[in-house]
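Enquirer: This is the structure I want to talk about, given as structure tokens.
The values are calculated or read from the model by the stated rules, or taken from the named source; none is laboratory data. These numbers were taken from a predicted model, which means no experiment stands behind them. Using ideal geometry, Cβ is built from the backbone for each residue, glycine included, and neighbour counts are taken over all protein chains shown.
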Amino acid sequence: MFVVMEEGATEIQVQGVIDLLVNEGFTVHRSTGVVHTVLGCVGPKEEIDPRAIELMDGVKECHRVMAPYKLASHRFRPGGTRFEVRGVEIGGDRVVAIAGPCSVENADQIEQCAELVARAGGKGLRGGAFKPPSSPYSFEGLGEEGLRMMRTAADRNGLFVVTEVMDHTQIGMMEPYVDVFQVGARNMQNFNLLKELSKSRTPVLLKRGIAATIEELLLSAEYLLSGGNYNVILCERGIRTFESYTQNTMDISAIPVVKKLSHLPIMADPSHGTGRRDKVIPMARAAVAAGADGILVEVHPTPDRALSDGPQSLYPEQFGELMRQLKMIAAAVGRSI
């Protein structure tokens, strides 16, 4: 249920509504907008009459929410969610580019990546310190040493760090190095991990599972929001279909659908979405045109020698060309990059 307070409602009036709802067994999440305060209410007593709430002082309107996700619903924050990561606004007018290698291999490699990302206009450095390969014989990352390398390279080049957390036991160790925790597609429904991340105030980038519906993605986001972490970014990274030409099928239509259903920003990862270097740039262009708030792409100084995901990693010059093209597309849809 959502309660929209009147413009100019006093703090006493807002708190009065909160107290009543808490007494009725609801957990109340407050969202303060430019004009109205919105209270998102989750609890066992859905039979409470919204009219009783609407008669309270300072209340403009009260609505039941039929969707199973309450806090991720667009109604909770009609103006959309915006927040900053090291001075970079996520969810605003700017399309944010995050790029880097699939995995951190050594200090020189990640430093080169950070330099080329920053030079082309990227704002975030992506890279894996803990890798979940499909094969147990593949490279599994450098661990904490890789995190140190990423943090150093990002700081030298004015970038924020995005990297994947694999398990809830890693959160405390990773927090000093990481600006945005990435939850990979395999872990989208790892609810123990999501519950622990909900207690953190480090933003979370939540990737869609390879066979997940949009509703399931939003319900996973609900775990993060319900625990108090409102700085959540969704990510479309392709889903598993019968098509075998590409690694996954990039669901561009999910971007405008999420924009309608949820207030959360959504980014796109065309590198994992296609698994093919020659398809990354077209899908990144399409994602920005469809309304994505950012893109994640894999770029490597020498993709042919990459320890993981070389075939889907862009060459440095390709990333520079991609950024040039995205600036034109963003401008055409009233945004910047």
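Enquirer: Of 328, 323, 283, which residue is assigned by TED's automatic domain parsing to the domain that holds residue 249, out of contact with any helix residue (DSSP H, G or I) (no Cβ under 8 Å at 6 or more places or on another chain) and over 26 Å from residue 146 (Cα atoms)?
Expert: After ruling out the rest, the residue left standing is 328.
Enquirer: Same structure, new question: List every residue pair whose Cβ atoms lie under 6 Å apart, where the two residues are 6 or more positions apart in sequence or sit on different chains, the first residue falls within segment 231-242 and is closer than 30 Å to residue 30 by Cβ, and the second residue, located anywhere, is basic (Lys, Arg) and at pLDDT 95 or above.
Expert: 235/207; 236/208
Enquirer: While we're looking at this one, here's another question. Could you tell me which of the residues 183, 117 is within 17 Å of the chain's Cα centre (by Cα) and among the β-branched types (Val, Ile, Thr)? Spell out how you get there, then give the answer.
Expert: Details: 117 fails: within 17 Å of the chain's Cα centre (by Cα).
Every option except 183 fails the conditions.
Enquirer: I'd like the residue in segment 144-197 that is small (Gly, Ala, Ser) and touching a residue at least 24 places away in the same chain (Cβ under 8 Å) and, out of all such residues, is nearest to residue 88 (Cα to Cα). So that I can check it myself, show each step before the final result.
Expert: Filtering segment 144-197 down to residues small (Gly, Ala, Ser) leaves 146, 153-154, 158, 172, 184-185.
Add one more test, that the residue is touching a residue at least 24 places away in the same chain (Cβ under 8 Å), and what stays is 146, 153-154, 158, 184-185.
Details: 146: 24, 153: 17, 154: 14, 158: 10, 184: 22, 185: 25 Å.
Only one residue fits best here, namely 158.
Enquirer: Within segment 46-115, which strands (runs of 3 or more DSSP E) (wholly inside it) include 2 or more residues that are assigned by TED's automatic domain parsing to the domain that holds residue 227, among the aliphatic types (A, V, I, L, M) and within 28 Å of residue 332 (Cα to Cα)? Working first, answer last.
Expert: Working: elements: 59-63, 83-85, 88-90, 96-100.
Answer list for segment 46-115: 88-90, 96-100.
Enquirer: Okay, moving on. Going by what's in this entry, would residue 326 be described as buried (at least 17 other Cβ atoms within 10 Å of the Cβ), within 20 Å of residue 237 (Cβ to Cβ) and touching an Asp or Glu at 6+ places or on another chain (Cβ under 8 Å)?
Expert: Values: buried (at least 17 other Cβ atoms within 10 Å of the Cβ): yes; within 20 Å of residue 237 (Cβ to Cβ): yes; touching an Asp or Glu at 6+ places or on another chain (Cβ under 8 Å): no.
Answer is no for this residue.
Enquirer: Still on this structure, please answer the following. Can you tell which of 4, 22 is part of a strand (DSSP E or B), in contact with a strand residue (DSSP E or B) (Cβ under 8 Å, 6 or more places away or on another chain) and β-branched (Val, Ile, Thr)? Full working, then the answer.
Expert: Working: 22 fails: part of a strand (DSSP E or B).
Within the list 4, 22, the selection yields 4.
Table: residues versus (1) surrounded by fewer than 24 Cβ atoms within 10 Å (Cβ to Cβ); (2) within 22 Å of residue 70 (Cα to Cα); (3) modelled with pLDDT under 95; (4) of a type in the set (Lys, Arg).
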{"residue": "176", "(1), (2), (3), (4)": "yes, no, no, no"}
{"residue": "191", "(1), (2), (3), (4)": "yes, yes, no, no"}
{"residue": "205", "(1), (2), (3), (4)": "no, yes, no, no"}
{"residue": "212", "(1), (2), (3), (4)": "yes, yes, no, no"}
{"residue": "231", "(1), (2), (3), (4)": "yes, yes, no, no"}
{"residue": "261", "(1), (2), (3), (4)": "yes, yes, no, no"}
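Enquirer: List the pairs whose first member sits in segment 289-300 and is assigned by TED's automatic domain parsing to the domain that holds residue 118 and closer than 13 Å to residue 318 by Cβ, whose second member is of a type outside the set (A, V, I, L, M, F, W, C) and surrounded by fewer than 24 Cβ atoms within 10 Å (Cβ to Cβ), and whose Cβ atoms are under 8 Å apart, counting only residues at least 6 apart or on separate chains?
Expert: Here the result reads 298/309; 299/315; 299/316; 299/318; 300/109; 300/310; 300/315, each pair linking segment 289-300 to a residue that is of a type outside the set (A, V, I, L, M, F, W, C) and surrounded by fewer than 24 Cβ atoms within 10 Å (Cβ to Cβ).
Enquirer: Further question: Where residues in segment 39-61 are modelled with pLDDT under 90 and touching a helix residue (DSSP H, G or I) at 6+ places or on another chain (Cβ under 6 Å), which of them is surrounded by the fewest Cβ atoms within 10 Å (Cβ to Cβ)?
Expert: Applying the filter and picking the extreme gives 40.
Enquirer: Which ones in segment 130-173 are among the β-branched types (Val, Ile, Thr) and surrounded by fewer than 22 Cβ atoms within 10 Å (Cβ to Cβ)? Can you show your working first?
Expert: First, the residues of segment 130-173 that are among the β-branched types (Val, Ile, Thr): 152, 161-163, 165, 169, 171.
If the condition is that a residue be among the β-branched types (Val, Ile, Thr) and surrounded by fewer than 22 Cβ atoms within 10 Å (Cβ to Cβ), then 152, 169, 171 are the ones that fit.
Enquirer: Considering only segment 286-323, how many residues are crowded, with 23+ Cβ neighbours inside 10 Å, of a type in the set (D, E, K, R) and assigned to a loop (DSSP other than H, G, I, E, B)?
Expert: Adding up the residues that qualify gives 1.
Enquirer: So residue 14 fits all but one of (1) of a type in the set (Val, Ile, Thr); (2) assigned to a loop (DSSP other than H, G, I, E, B); (3) crowded, with 17+ Cβ neighbours inside 10 Å; what number is the exception?
Expert: All conditions are met except number (2).
Enquirer: Hey, can you tell me all the residues within segment 193-203 that are buried (at least 17 other Cβ atoms within 10 Å of the Cβ) and more than 14 Å from the chain's Cα centre (by Cα)?
Expert: We begin by selecting, within segment 193-203, every residue buried (at least 17 other Cβ atoms within 10 Å of the Cβ); these are 193-194, 196-198, 200, 203.
193, 196, 200 - these are the residues of segment 193-203 that are buried (at least 17 other Cβ atoms within 10 Å of the Cβ) and more than 14 Å from the chain's Cα centre (by Cα).
Matching residues to (1) among the small types (Gly, Ala, Ser); (2) surrounded by 19 or more Cβ atoms within 10 Å (Cβ to Cβ); (3) free of Cβ contacts under 8 Å to residues at least 40 places away in the same chain:
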{"residue": "69", "(1), (2), (3)": "no, yes, no"}
{"residue": "79", "(1), (2), (3)": "yes, no, no"}
{"residue": "89", "(1), (2), (3)": "no, no, yes"}
{"residue": "94", "(1), (2), (3)": "no, no, no"}
{"residue": "103", "(1), (2), (3)": "yes, yes, no"}
{"residue": "111", "(1), (2), (3)": "no, no, no"}
{"residue": "121", "(1), (2), (3)": "yes, no, no"}
{"residue": "128", "(1), (2), (3)": "yes, yes, no"}
